[in-house]
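Remarks on the structure that follows.
The values are calculated or read from the model by the stated rules, or taken from the named source; none is laboratory data. Small disclaimer: the values here were computed from a predicted structure and weren't measured. Here the Cβ is made from the backbone with ideal geometry for all residues, glycine too, and neighbour counts use every protein chain on show.
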Amino acid sequence: MAKTINRRVCAQMDGGFVVFLIGMRVNKPWKFWKWLPVAQAMPRMLIELARQPELGLLHAESQFSFPNVTVTQYWKSFEALEAYAKARDHAHLPAWQAFSKAVASNGDVGIWHETYVIEPGKYENIYNNMPPYGLGKVGRIVDAVGGRQEARQRVKGKVAA
């Protein structure tokens, strides 16, 4: 188990970044031959991205709550995310094409994603008694003191010296 940081801290990023949420929902559990390939595709992509950090993925965390699976991803930029999604020589595009051919809109398994482009200083976070988590795994951990004590101060990027 990861060591906790037993004080209030927050994560800071130099520059902007992208938060990409992606998930699937098993709508018809008995049709495992439809949803299993979808479920297996994401780990392949995450392994590929971990082995090639130059593609732009900073960190990913998965959450399972049947019938849903969600992966929170942090990317260097929207351009890096989009380039990966469209690249013919990486795992995503073939997986997307296979999904479109095998499932499309038949209702057996649902997929979704949301993309948030975060500008510098336009985010906030807090962690207390936690190991590095979420943005804390990719950003610089700093104590939540002074101008970092309140969410309003953190989101505006106004930090007292």
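Quick notes on this structure:
- Residues satisfying the stated conditions in the range 121-150, i.e. out of contact with any strand residue (DSSP E or B) (no Cβ under 8 Å at 6 or more places or on another chain) and within 17 Å of Leu58 (Cα to Cα): Tyr123
- When residues of the range 13-59 are limited to those that are outside any helix (DSSP H, G or I) and small (Gly, Ala, Ser), the one nearest to Ala87 (Cα to Cα): Gly56
- The range 37-76, residues that are surrounded by 15 or more Cβ atoms within 10 Å (Cβ to Cβ), among the small types (Gly, Ala, Ser) and modelled with pLDDT of 95 or more: Gly56, Ala60
- Within the range 86-139, the set of residues being assigned to a loop (DSSP other than H, G, I, E, B) and among the polar types (S, T, N, Q) comprises Ser105, Asn106, Asn125.
- Consider the range 115-144 and keep the residues that are closer than 23 Å to Ile22 by Cα and of a type in the set (Lys, Arg). The one that is modelled with the lowest pLDDT is Lys122.
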